[in-house]
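Notes to accompany the following structure.
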Amino acid sequence: MPYMACTVPELPQLRLLIAAPRGFCAGVDRAIQIVELALERFGAPVYVRHEIVHNRFVVDRLRELGAVFVDELDEVPDDRPVVFSAHGVPKSVPSAAQARGLTYVDATCPLVSKVHRQAERLIEEGRHILFIGHAGHPEVIGTFGQVPKGSISLVETVEDAEQVSVPAEANLAFLTQTTLSVDDTAQIVEALKARFPAIRAPRSEDICYATSNRQAAVKAIAGECDRLLVIGAPNSSNSLRLAEVAERMGVPARLIERASDIDWDWVGQPATLGRTAGASAPEVLVREVVDALRSRFDVTEEIADHSPERMIFKLPRELLPDRAA
Ligand code: SF4
């Protein structure tokens, strides 16, 4: 039998430009560690009010370890501990937990807590707060729940800023959600300042370092990309903003949760594909997407390191091993 040469078709070349920083931020990392430590300290099940962070993969892994995710506190049995999510909770939630004698651990990101404390101080100073954020987001619900009803108004858009009604003669201040679009927020703030020149701005930026760094990293690579894939959940505010940043620069972008979500027709045959991940997306999902791309392309990976991050947040003392009873 004559020898038959068999040629494997060559895969098309693909330059994969990976944005950095991307993926987990210090607040998400801390929240996940809090659930893991609570499971070690108290044993399973540990209840978690709401998704600890907006990522199904993370939530499913913690569920396998013994976490039980619930919507409200009344679903938590009296004898089990409960963790509050990284997005923060209204004051009424820890109060209700205390009233029931529940053991609870607050995984609210310290940068969200900082906004909570600012809101309280502004109310003590007799100010009315205009809060820039997205209606219904857990962080917004948590921040509104720090101050008396009617003392804070939501502003979602420039049009809202131009039309929002405020109490007559009110001393105004504004605060923002931590995971907003840097550019959109700047426009909304400009509109607020034009309408209310005396409005008090936060002492420092409320949009967190992780959100602004990830948006800046996308801006840094977008000009070189034909398309951009963002790994993140559809309910993750900071992930959605990353896709928006690219689209606004004229680069088609898609938000996917996992490699199985890739729409290969949409990907097509780009020369350069950009890739990033929202603050609640683990690196393992980034690698999963790279592996999927390698099955169809001859991939050359490049990391575009925009601004290295070294932020770490302390864990609650009561969960640290040497503090355990
Ligand atoms: S995105 Fe920012 S505010 Fe949200 S958990 Fe991460 S560091 Fe904290």
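Points to keep in mind about this one:
- Residues located in region 67-79, provided they are buried (at least 16 other Cβ atoms within 10 Å of the Cβ) and part of a loop (DSSP other than H, G, I, E, B): Val76
- Residue match in region 48-55 (condition: surrounded by 20 or more Cβ atoms within 10 Å (Cβ to Cβ), among the basic types (Lys, Arg), in contact with a strand residue (DSSP E or B) (Cβ under 7 Å, 6 or more places away or on another chain) and closer than 17 Å to Gly88 by Cα): yes
- The test for being within 16 Å of the ligand (Cβ to nearest atom) and at pLDDT below 95 does not hold for His116.
- Residue that is surrounded by the fewest Cβ atoms within 10 Å (Cβ to Cβ), among those in region 284-319 that are of a type in the set (Lys, Arg) and under 19 Å from Phe24 (Cβ atoms): Arg310
- Residue match in region 290-306 (condition: out of contact with any His (no Cβ under 6 Å at 6 or more places or on another chain) and within 16 Å of the ligand (Cβ to nearest atom)): no
- Residue-level check: of (1) among the charged types (D, E, K, R); (2) within 21 Å of Asn213 (Cβ to Cβ); (3) within 16 Å of the ligand (Cβ to nearest atom), Asp183 misses just (3).
- In region 277-306, the residues that are in contact (Cβ under 8 Å) with a residue 24 or more places away in the chain form Cβ pairs under 8 Å with partners that are among the acidic types (Asp, Glu) and assigned to a helix (DSSP H, G or I), at six or more places apart or across chains, as follows: Ala277/Glu283.
- Test result for Pro90, outside any helix (DSSP H, G or I), of a type outside the set (Phe, Trp, Tyr) and closer than 17 Å to Ile52 by Cα: yes
- Residue that is buried (at least 21 other Cβ atoms within 10 Å of the Cβ) and out of contact with any Leu (no Cβ under 7 Å at 6 or more places or on another chain), where the choices are Leu130, Leu122, Leu102: Leu122
- Selection over region 235-255 of residues that are part of a loop (DSSP other than H, G, I, E, B) and more than 14 Å from the ligand (Cβ to nearest atom) gives a count of 4.
- Meets criteria (assigned to a helix (DSSP H, G or I) and touching a strand residue (DSSP E or B) at 6+ places or on another chain (Cβ under 7 Å)) for Ile129: no
- Restricting region 186-234 to residues that are among the basic types (Lys, Arg) and farther than 24 Å from Trp266 by Cα leaves a set whose member that is nearest to the ligand (Cβ to nearest atom) is Arg203.
- Residues in region 258-300 that are in a helix (DSSP H, G or I) and closer than 15 Å to Leu11 by Cα: Trp264, Val267, Val290, Asp291, Ala292, Leu293, Arg294.
- Residue selected from region 61-81 under the condition under 21 Å from the mean Cα position of the chain (by Cα) and closer than 22 Å to Arg317 by Cα, by the criterion farthest from the ligand (Cβ to nearest atom): Ala67
- Flag if Ala210 is modelled with pLDDT of 95 or more, buried (at least 17 other Cβ atoms within 10 Å of the Cβ) and either polar (S, T, N, Q) or touching a Pro at 6+ places or on another chain (Cβ under 9 Å) (or both): yes
- Positions within region 307-322 being within 16 Å of the ligand (Cβ to nearest atom) and either outside any loop (DSSP other than H, G, I, E, B) or not aromatic (Phe, Trp, Tyr) (or both), in sequence order: Ser307, Pro308, Glu309, Arg310, Met311, Ile312, Lys314, Leu315, Pro316
The values are calculated or read from the model by the stated rules, or taken from the named source; none is laboratory data. Note that the structure is predicted; figures quoted are calculated from it, not measured. Note that we place each Cβ from the backbone using ideal geometry, even for glycine, and neighbour counts take in every protein chain shown.
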